[in-house]
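One structure below.
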Amino acid sequence: MTYAFLAIRREGPVEYLTLNRPDVRNAFNEEVIAELTAWTAATREAAAQRDVRVVVLSGAGKTFCAGADVAWMSKTVEFTEEENLRDAMAMSQMFGALDALPVPLVGRVQGAALGGGAGLAAVCDIVVADESALFGFTEVKLGILPAVISPFALAKIGRSAARELFLTGSRFSAARAHEIGLVHAVVPAAELDSTVERYVRELLTGGPEAIASSKALIPQVWGRSLPEAMPMTAAAIARRRVSKEGQEGLRAFLEKRPPSWCKRLFDTVDTKDTEGKKP
Ligand code: COA
């Protein structure tokens, strides 16, 4: 599949997905939304075949993403309310599809992640940010609101930070983004790529099905009472224990050898962890 506004590079089981509209700081319009939605569908299939096990999301040029394209949004004034609703639902589905991707999504943030760009950071499982990057749920400054991204942003930063940041629309530092849980690692620009790669290597040492089920478990358990969660979590671990992958992982540990999903990787990537030990 070819895309006009996305650059894709595959290295072994790692897909590098780059938003590619640097002249407008990777702002997304309806075409970018359609491409990202199509990309998530293709990646779900590639993940099912184990062709893709980790995705790194970044932005071309000096900015990760300036959010929704303001020029495109200003045109929506000519749309009927129904057309606006259809448009907003397409954006909502794109965020939902990225959020539920069955492989880890690692965000690499430089420059700025504003409005929907902060929303993209929120749907990443792991976010590594340049220490000088700026974040912001800036929509109120434009007379709109961070609606579509709110379920994902709230799940990351919680109600208290959202009350401050959604209402003020103020821009905040990578350090603050880290403090509220939007970002997981803040590093100097020169260490951005190596930090992302360290996460990627770590993620490749986990069982692909185990990682996918761990990711799916989080929204299922979140907000449920313990009596509701207990049978669900017991069923989840029982399924994993009897699975081929679970059995292989447990046996490999006892036999003091790397599990099969790591062995296959030795041919394509170096899976040494940060201390230089094989997983
Ligand atoms: N939608 C459409 N175009 C955008 C945009 C957006 N969200 N953000 C930036 N651009 C465009 C600018 O209009 C400018 O276009 P021009 O070259 O034709 O004048 C170009 O991108 C470069 O922007 P500029 O502000 O000069 O770049 P910068 O590197 O100095 O700053 C940002 C980058 C992201 C900090 C700044 O552009 C910004 O604050 N953008 C607004 C972000 C925002 O409020 N997003 C919320 C949307 S809901």
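All of the numbers you see were taken from the coordinates with simple rules; none came from a lab. These figures come from a predicted structure and were not determined experimentally. Reconstructed Cβ throughout: ideal geometry from the backbone, glycine too, with neighbour counts over all protein chains shown.
This model, with +1 at the C-beta of Lys and Arg and -1 at the C-beta of Asp and Glu, gives region 1-147 a dipole about its Cα centre of some 480 debye. Applying 1/(1 + (r/R0)^6) with R0 = 35 Å to the Cβ-Cβ distance of residue 11 and residue 89 gives a FRET efficiency near 0.55. Applying 1/(1 + (r/R0)^6) with r as the Cβ-Cβ distance of residue 251 and residue 187 and R0 = 30 angstrom yields a FRET efficiency of 0.20. Helix-only arithmetic for the chain: the sum of -39500 (n - 2.57) across DSSP H runs with n ≥ 4, divided by the residue total, places the mean residue ellipticity at 222 nm at -15500 deg cm²/dmol.
Translational diffusion of region 181-254 was estimated from the Stokes-Einstein equation, with Rh taken as the Kirkwood radius over Cα pairs; at 4 °C and 1.567 mPa s the coefficient is 87 µm²/s. Roughly what % of Cα-Cα distances in region 125-267 sit above 25 Å, to the whole percent? Roughly 50 percent, once rounded to a whole number. With 0.36 nm allotted per residue and the present C-alpha distance subtracted, the residue 170-residue 3 stretch has 56.8 nm of extension available.
Pairs with C-alpha atoms separated by more than 21 Å, drawn from the list 156/244; 215/244; 75/141, are 156/244. Comparing 14, 103, 128 in a Gaussian network model of the chain, where Cα atoms under 10 Å apart are tied by springs, the biggest mean-square fluctuation is seen for 14. Helix 150-168 and the longest principal axis of the Cα set of the chain meet at an angle near 40°.
Structure remark: mean-square fluctuation, Gaussian network model of the chain, C-alpha springs under 10 Å; the largest value among 82, 179, 45 belongs to 82. Close amide H pairs (under 5 Å, H built 1.01 Å from N) link residue 134 with 111, 112, 113, residues at least 5 positions away or on another chain. In the chain, taking the dipole from charged Cβ atoms about the Cα centre, the farthest positive-side position among 107, 134, 74 is held by 107.
Projecting the Cα atoms of 211, 48, 64 onto the dipole axis of the chain, where Lys and Arg carry +1 and Asp and Glu carry -1 at the beta carbon, places 211 farthest toward the positive end.
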